[in-house]
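Working notes for the structure below.
The values are calculated or read from the model by the stated rules, or taken from the named source; none is laboratory data. Given the structure is predicted, the values throughout are model-derived calculations rather than measurements. Neighbour counts run over all protein chains shown; Cβ positions are idealised from the backbone, glycine included. The protein model used for the area step is the full one, side chains on, heavy atoms only, and it has no ligands, DNA or RNA in it. Shrake-Rupley method; radii C 1.70, N 1.55, O 1.52, S 1.80 Å.
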Amino acid sequence: MLRVYLLVPLAGVLLDVVGLHFPLPPGPLCDEGMVLFMEGGCDWGWSNVFFFSKGVLLLVLNVCFLVAARGRVKPWPDFLPHLLLLTAVVAWNPHVERCDSYYGHPNGSLAQMVVEGLAFALLGMALLGRARECSWRRLAVLALAWNAFHVFMFYAWLAVTDHWTWLHTGLVAASLLAPAVALAGVDLARARRAPVTA
């Protein structure tokens, strides 16, 4: 299920289905009560693109986390094609437009969404070592904590910069990557200390 040639098309189909059958109302949504965590584009079409793209991205990452935690999937090698594909998406979509006709704040880009999602995924991968042997209840708590930390850092950095600026995206991504690197370092140190069995 986690193979890139299956996961990506399935995610694309899901995005098309929910986006076409449950579209958001036209127009800028930041003045209509949408939470900033899910709001991206502020013009007529991009509101739907950002909302459903981010929603599907987060849903797919959570499903992957749960499957990997129970499926004995090796984190790094098995996810490398996915990470490379996301990196390519970032390279192809770096531009940020502004919503000068409405609010004057950045409109954001799919690249920023992917950078944030990539950092979120890497933190999830670092958490997999703590998820493999725990009960379903503890696994659910770990997944909720993973998501809550993402949302918390998103809003915490709004005190420094507007959302959908590259600075905000970078700060959120760095905040997610820092504990991921720390956890990976702990796991590597444990692996080096573990006795070698013949």
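Tell me, which residue of region 63-92 that is under 13 Å from the mean Cα position of the chain (by Cα) and open to solvent by less than 30 Å² (accessible area, probe 1.4 Å) is modelled with the lowest pLDDT?
For region 63-92, the residue satisfying everything is H82.
Go through A143, A173 for me and flag whichever is open to solvent by less than 50 Å² (accessible area, probe 1.4 Å), farther than 19 Å from L36 by Cα and of a type outside the set (D, E, K, R).
A143
Restricting to region 150-174, and then to whatever is of a type in the set (S, T, Y) and touching a residue at least 40 places away in the same chain (Cβ under 8 Å), can you tell me which residue is farthest from M125 (Cα to Cα)?
For region 150-174, the residue satisfying everything is T165.
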